[in-house]
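Undergrad: Please see the structure below; I have some questions.
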Amino acid sequence: NKTGVIFDLDGVIVDTAKYHFLAWKNLADSLGFEFTEAHNELLKGVSRVRSLEILLDIGDATVSEEKKQEFLISKNEEYLKYITKMGADEILSGASELLDALDDLGIQYVLGSASKNAPLILKQVGLYNRFLGIVDGNSVNQAKPDPEVFLIGAKKLNLKPENCIVFEDAIAGVEAANRANMTSIGIGDKKTLSEADYNFNNLTEISADFIKDLIEKLEN
Ligand code: BG6
Ligand code: MG
């Protein structure tokens with residue numbers, strides 16, 4: 001097949017934003033400032049290091065490099081407490097069905113995530129072995145909105161970027177897909193993800209016919 005798919009993980013396949021929120025909030029609490037769900041929106045799709053910078057900005061906090069490293073470790077330890085309890089019941093609606101539909105159509109897919117915990121999360125929910133390849137926060141030098149993560153994904157698929165379809169829930173991720181010259185599908189609020197080529201509220205709205213038509217369009 002000439003077309004392939006790249007999936008973001010957090011917010012597309014699993015809802016881990018709530019766990020990131022709890023772990024970051026814990027850090028903000030310890031530093032004595034408020035961190036809200038609205039603030040958490042700003043961290044979606046963004047790397048761990050960048051997330052910490054944004055959080056510290058929100059709290060107007062200046063800390064040493066050494067402290068930052070400490071915070072990154074303690075935040076991740078807290079996050080891992082939640083992640084290691086995850087199971088298949090936390091796969092977002094429509095995700096397994098979409099992977100089944102792609103399998104039926106013979107379309108290959110890889111993961112393109114900013115998270116260094118992506119392999120662990122996929123194993124927790126039992127989806128690890130379904131992906132042809134995994135590109136995660138450990139494999140890139142540049143975080144989204146840089147297109148690097150998706151361009152490596154295209155290489156794993158052995159396809160040209162213009163023949164790749166990306167599913168994303170974050171503004172930074174949609175931008176990365178667009179900059180990679182791929183077809184971007186925004187999952188979530190249409191207004192927030194207005195830069196996407198196509199928009200859906202969630203994966204249950206994606207039919208096999210939509211995928212078939214899109215592939216036909218891309219291949220002709
Ligand atoms: C992205 C999330 O998928 O991964 C971000 O949307 C997160 O919120 C980033 O900061 C990095 O994740 P991790 O697991 O490496 O801290
Ligand atoms: Mg995401």
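Computed from the coordinates by the stated procedures, all read-outs in this text should not be read as laboratory data. The model shown is predicted, which means the values in this text are computed figures rather than measured ones. Ideal geometry is used to build each Cβ from the backbone, glycine not excepted, and the neighbour counts take in all protein chains shown.
Undergrad: For Leu105 and Lys123, compute 0.36 nm times the residue count separating them, minus their Cα-Cα distance, and round to one decimal in nm.
TA: On the way: separation 18, 0.36 × 18 = 6.48 nm, distance 2.43 nm.
In short, 4.1 nm is gained.
Undergrad: If I stretch the segment between Arg50 and Ser207 completely, what's the gain in nm (0.36 nm per residue apart, minus their alpha carbon distance), one decimal?
TA: 53.0 nm
Undergrad: Calculate the dipole size of the range 87-182 relative to its Cα centre from +1 charges on Lys and Arg beta carbons and -1 charges on Asp and Glu beta carbons; express the result in debye to the nearest 20.
TA: That gives a dipole near 440 debye.
Undergrad: Normalise the Cα radius of gyration of the range 163-220 by 2.2 N^0.38 Å (N = residues in it) and let me know the number.
TA: Rounded to two decimals, the normalised Rg is 1.06.
Undergrad: Distances over 25 Å make up what percent of all Cα-Cα pairs in the range 1-157?
TA: Taking all Cα-Cα pairs of the range 1-157, the fraction more than 25 Å apart is 33 percent.
Undergrad: Summing Lys, Arg as +1 and Asp, Glu as -1, what charge do residues with Cβ under 14 Å from the Cβ of Lys217 carry, Lys217 excluded?
TA: Around Lys217, the charge tally is -4.
Undergrad: Return the distance in nm (one decimal) between the two label points of a simple spin-label model at Glu216 and Ala88, each offset 7 Å from Cα along Cα→Cβ.
TA: Distance between the two pseudo-spin positions: 3.4 nm.
Undergrad: Need the list of aspartates and glutamates near Lys144 for cross-linking: C-alpha distance under 17 angstrom, and skip anything on the same chain fewer than eight residues off.
TA: Asp8, Asp10, Glu41, Glu53, Asp136, Glu168, Asp169, Glu175, Glu195
Undergrad: Just give me a number: lysine pairs in the range 1-82, eight or more positions apart or cross-chain, with C-alpha atoms less than 28 Å apart.
TA: 17
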